[in-house]
Structures are given as structure tokens and as C-alpha cells.
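Report on the following structure.
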Amino acid sequence: MPRKYKYDTKEVNGKLVEKTIFTQDNGLLHKEILYKFDYNKVGQVSTKFTYRWNVVNEEWDPFYRVSYLYKDNIIVSSYGMWNKDKKDYSLNVKTLDLPKVDYKTIFE
């Protein structure tokens, strides 16, 4: 049976700053994923943080972070997963260059 998802979003000054994803089961909502967004001075997404809900501790655990740097005609995205031991995003670090024209596809 496919999962049913519900979304809750928070905007500040017309910009999406948080998006929470819930699963729905028998009329109850269960927290799953939380995205948080930071923006640069010109209003472009600079960082996307992703958290997973920890049912045992009842708190959001860091999962991964993607940072975006805008250069000429490309968006340089840097991805890293949360390292519990070091308390940073240093696991599985990857960098990917995306065409700048894809901004709306990526973030909207």
C-alpha cells in the first residue's frame, strides 16, 4: 500500500525556510523529514539542511547538508552527510556542478 504524505511549510518574506514531511497512517500524522533552507544576500538558496525524526529521542537528527555556490553559469553544490562522531557534515562528501538555468527546477 502506498504511503500517504502530508506537508507543512513555513515561509519568511516569501521564501521557504522549512518544510516538514509527515506520513499519514490511520488518520495520525508521523514526523519523517524536516528540510531547512538558508538564503544568500540575493535571495538564492545557499544551504539546505535535512533532518530525520528520531522516534526514540523525539527530536530531529541531522541527516545531510547541501551547500550551493553560484558562479557564472553554474551552481556548485556540495553534499555531506552528518558524522555523529565529529558532529559535522563530513561523511560521503560530494560536489556537483549544475547549470544555473536549473535553479527553478531544483528549488521550486
Taking Lys104, is it under 23 Å from Thr9 (Cα atoms), without any contact (Cβ under 8 Å) to a residue 60 or more places away in the chain and not in a strand (DSSP E or B)? yes
Unique match (being at pLDDT 95 or above, surrounded by 15 or more Cβ atoms within 10 Å (Cβ to Cβ) and either in contact with a helix residue (DSSP H, G or I) (Cβ under 8 Å, 6 or more places away or on another chain) or closer than 19 Å to Lys6 by Cα (or both)) among Trp60, Trp82: Trp60
Name every residue in the range 26-45 that is surrounded by 11 or more Cβ atoms within 10 Å (Cβ to Cβ) and in a strand (DSSP E or B), in order of residue number. Leu29, His30, Lys31, Glu32, Ile33, Leu34, Tyr35, Lys36, Phe37, Asp38, Tyr39, Val45
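The values are calculated or read from the model by the stated rules, or taken from the named source; none is laboratory data. The shown structure was predicted, so the numbers you read here are calculated from the model rather than taken from an experiment. Because the Cβ atoms are built from the backbone with ideal geometry, glycine has one as well, and the counts that use them run over all protein chains shown.
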